[in-house]
1. Exactly one of (1) under 21 Å from Y212 (Cα atoms); (2) not assigned by TED's automatic domain parsing to the domain that holds Q162 is unmet by N349. Its number?
2. Under the condition of being within 16 Å of the chain's Cα centre (by Cα) and part of a helix (DSSP H, G or I), which residue from segment 60-71 is modelled with the lowest pLDDT?
3. Determine which member of the set D43, D52 is part of a loop (DSSP other than H, G, I, E, B) and either out of contact with any Gly (no Cβ under 7 Å at 6 or more places or on another chain) or among the basic types (K, R) (or both).
4. Could you give every pair whose Cβ atoms fall below 7 Å, whose first residue belongs to segment 210-226 and is under 15 Å from F268 (Cα atoms), and whose second residue is part of a loop (DSSP other than H, G, I, E, B) and among the basic types (K, R), counting only separations of at least 6 or pairs across chains?
5. Does S344 satisfy the criteria of being over 23 Å from the mean Cα position of the chain (by Cα), among the small types (G, A, S) and surrounded by 14 or more Cβ atoms within 10 Å (Cβ to Cβ)?
6. I'd like to check which strands (runs of 3 or more DSSP E) are fully inside segment 222-331 and have at least 3 residues that are in contact with a strand residue (DSSP E or B) (Cβ under 7 Å, 6 or more places away or on another chain) and surrounded by fewer than 17 Cβ atoms within 10 Å (Cβ to Cβ).
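The values are calculated or read from the model by the stated rules, or taken from the named source; none is laboratory data. Every value quoted in this text rests on a predicted model; they were computed, and no experiment measured them. Positions of Cβ are generated from backbone atoms using ideal geometry, with glycine treated the same way; all protein chains shown enter the neighbour counts.
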Amino acid sequence: MPRKLVPVSTIDPDTGRISMRRSDPWINNFNEYLIAACRCNMDIKFIWSGSDAKALVYYITDYVTKMSLSFHDTFALVQKCITSFKNLSDQTDKESAIERSRKLVLRCYNTLASQQELSGVQVASYLMNWDDHYTTHKFQGLYLIQTERFLQTELNEMRTKQNLELASHDMLDDDVFDDGTIDEENNDEEHFQIQPSENDKKFVLVNTRIDYQYRSDTLNNICLYDFVSILYKKKMNATDMKYLSKTALPQEKEPNQTGRPPNERFPFQNQHPQATTHLMMKYSQSRVPILYGPQIPRRDREDTQERYSRALLTLFVPWRTVSDLCDDNQKWEDAFKSHQHRISTYSWNIIENIQLLHECKKDRDEHLLQVIAAAQTENDTIDPVLFPANHDVYNDYDDMNDSEDLLELLGNSNEYMTAAMIGTKKSAENKYIEETIEAVESVGR
């Protein structure tokens with residue numbers, strides 16, 4: 001906004017592009033019959049290419065799932081709370097550190113809650129204790145990057161051991177694989193959960209990677225993606241013990257069995273720290289895995305081919321150790337080429353959808369630049385503020401949780417945010433004063 005004025009609707013015979021008539025630069029295209037029937041805001045656009053379709057799909061999905069407050073707004077509000085709370089704390093130091101911390105968190109929460117935009121439907125849903133969202137699928141989180149880092153660490157140890165053996169036999173040469181390009185990711189430790197084991201008297205460290213590695217032999221051919229999608233871990237009870245003892249013996253299938261069959265259950269291997277107390281049970285309805293952490297990169301980027309290959313092998317090829325995926329003298333890219341025949345057709349569809357998501361995001365940014373350029377006059381230049389962030393550089397870590405960035409910025413807030421807030425406040429005040437003067441002049445006062 002503002003959009004370019006078009007006096008008459010036209011169709012370009014060469015490209016087939018439709019330019020809708022526009023008599024007001026600040027109003028979207030609309031259909032009078034649809035807007036009267038739906039009674040809502042609308043925007044009509046002719047989708048004349050695949051790029052436009054992908055850009056539109058990404059825009060819609062990104063819009064309906066976006067946070068109600070952007071990161072910079074959240075940070076500014078939190079900084080404002082901390083500043084005001086600090087001024088109050090300087091006046092009185094009688095309260096304990098715990099009480100002051102509690103009040104700080106409460107003040108930040110109240111400030112953020114008061115600034116969120118809530119629709120009438122959302123408020124009514126909360127008051128009536130209804131669900132705030134409805135989905136056709138159920139979801140299950142998977143922190144993929146830590147499993148990748150575990151496999152990379154195992155592979156590096158294998159390569160180090162091999163190099164030492166070669167060096168001891170004076171056979172070391174300069175062609176040994178250099179893993180320095182991806183080894184820098186191994187600085188972060190793997191995350192575990194503390195869960196009870198034998199009769200709640202013993203606690204062990206477990207996570208999804210351990211559950212998958214020591215799964216039942218019956219699940220040898222299941223990949224990590226399907227494992228998270230169709231199975232979950234539960235503590236064994238009498239019903240589970242009866243099911244396992246019954247399935248351990250070969251039995252003929254009963255022809256006239258009534259009722260819904262029980263969900264399948266699978267014991268862990270003996271190496272699992274919870275093998276005697278827990279098992280894996282099949283969902284009644286499969287879940288859609290949600291990958292936490294850095295996104296899987298684009299497959300057409302040369303500088304991230306190793307990470308791309310490693311991620312797909314970890315997710316979609318069955319494994320128990322890193323040797324099942326990659327040899328110690330092999331790159332991840334070569335390993336992926338040699339194992340891609342083991343990936344199922346269903347998994348290939350998911351891989352294509354991952355790539356399609358990247359393409360949609362790229363087309364969205366390019367389409368936004370085209371709209372901005374079209375809205376400028378011939379003598380104007382595009383305002384840099386309107387450019388999408390990182391439109392020319394794709395970062396695999398763009399969609400990581402902003403909480404880490406927020407904490408980092410809060411740690412450095414005293415260095416620069418005070419001056420920035422003062423400048424922003426003065427700029428806003430000047431704007432309001434100018435608008436007030438213009439309004440007064442327009443009415444002849």
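1. Here N349 clears every test but (1).
2. Within segment 60-71, the match that is modelled with the lowest pLDDT is F71.
3. Sole residue among the options that is part of a loop (DSSP other than H, G, I, E, B) and either out of contact with any Gly (no Cβ under 7 Å at 6 or more places or on another chain) or among the basic types (K, R) (or both): D43.
4. Here the result reads Q213/R320, each pair linking segment 210-226 to a residue that is part of a loop (DSSP other than H, G, I, E, B) and among the basic types (K, R).
5. Details: over 23 Å from the mean Cα position of the chain (by Cα): yes; among the small types (G, A, S): yes; surrounded by 14 or more Cβ atoms within 10 Å (Cβ to Cβ): yes.
Yes.
6. Working: elements: 231-235, 265-267, 278-282, 287-292.
In segment 222-331, 231-235, 287-292 are the strands (runs of 3 or more DSSP E) which contain 3 or more residues that are in contact with a strand residue (DSSP E or B) (Cβ under 7 Å, 6 or more places away or on another chain) and surrounded by fewer than 17 Cβ atoms within 10 Å (Cβ to Cβ).
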